[in-house]
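Engineer: Below is the structure I would like to discuss, written out as structure tokens.
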Amino acid sequence: RGWTGSTCAQRYVVPHHGMLMAGNAEPPVCFQGWSGPDCGTAQCPNNCSNSARTTAQNSHGECRDGRCQCSPSWAGDDCSQP
């Protein structure tokens, strides 16, 4: 763990994909593209769909380790290309 910010009051979260404020026991604020209780889960672009809000109707793939595994007949980094 390390500290950052102008007053060194922000603590990095292992594996360094988020921040905690000093003395704060709340869940960390994850950097863009990361989620989870320790900010260690890589997110996928557009949740592997054609929308930032994925539902069963617009899901075109599955996120695995930060990469989309597209359903048949879908392609692209975010599975948005038919």
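Engineer: Leaving ligands, DNA and RNA out of it, rank HIS16, HIS60 by accessible area with a 1.4 Å probe, largest first.
Structural biologist: The ranking, largest first, comes out as HIS16, HIS60.
Engineer: Give me, ordered by chain and number, the residues 5 or more places off GLY61 or on other chains with an amide H under 5 Å from its own placed amide H.
Structural biologist: Under 5 Å from the amide H of GLY61: SER71.
Engineer: Quick one: what are the phi-derived ³J(HN,Hα) couplings along segment 62-74, Karplus 6.51/-1.76/1.60 with θ = phi - 60°, whole Hz, x for glycine and proline?
Structural biologist: With coefficients 6.51, -1.76 and 1.60, one gets 10, 7, 9, 6, x, 10, 7, 9, 6, 5, x, 6, 10 Hz.
Engineer: Please list 3J(HN,Hα) in residue order for segment 27-34, calculated via the Karplus relation 6.51 cos²θ - 1.76 cosθ + 1.60 where θ = phi - 60°; whole Hz, with x for glycine and proline.
Structural biologist: x, x, 8, 7, 5, 4, x, 10
Engineer: Around GLY18, which amide H atoms from residues at least 5 apart in sequence, or from another chain, sit under 5 Å from its own amide H, with H modelled in the peptide plane?
Structural biologist: Answer set, sorted by chain and number: VAL13, PHE31.
Engineer: Still on this model: Once you put a point 7 Å from the Cα of SER71 and another 7 Å from the Cα of GLU26, both along the Cβ direction, what distance in nm separates them?
Structural biologist: 3.7 nm
Engineer: Now, a different point. Please list, ordered by chain and number, the residues whose modelled amide H lies under 5 Å from the amide H of GLN43; skip anything fewer than 5 residues away on the same chain.
Structural biologist: For GLN43, the qualifying residues are TRP34, SER35.
Engineer: Treat each spin label as a single point 7 Å out from the Cα along the C-beta direction, and report the HIS16 to ALA42 distance in nm.
Structural biologist: Distance between the two pseudo-spin positions: 1.6 nm.
Engineer: Residue separation times 0.36 nm, minus the C-alpha to C-alpha distance between ARG64 and CYS8: what's the value?
Structural biologist: Residue separation times 0.36 nm, minus the Cα-Cα distance, leaves 16.7 nm.
Engineer: Output the peptides 32-40, 73-81 sorted from most to least packed, where packing is the average of other Cβ atoms within 10 Å over each peptide's residues.
Structural biologist: 73-81, 32-40
The values are calculated or read from the model by the stated rules, or taken from the named source; none is laboratory data. None of the values given here were measured: they were computed from a predicted structure. Virtual Cβ from ideal backbone geometry, glycine too; neighbours counted across all protein chains shown. When the accessible area is computed, the model is the full protein with side chains, heavy atoms only, and any ligands, DNA or RNA have been set aside. Shrake-Rupley method; radii C 1.70, N 1.55, O 1.52, S 1.80 Å.
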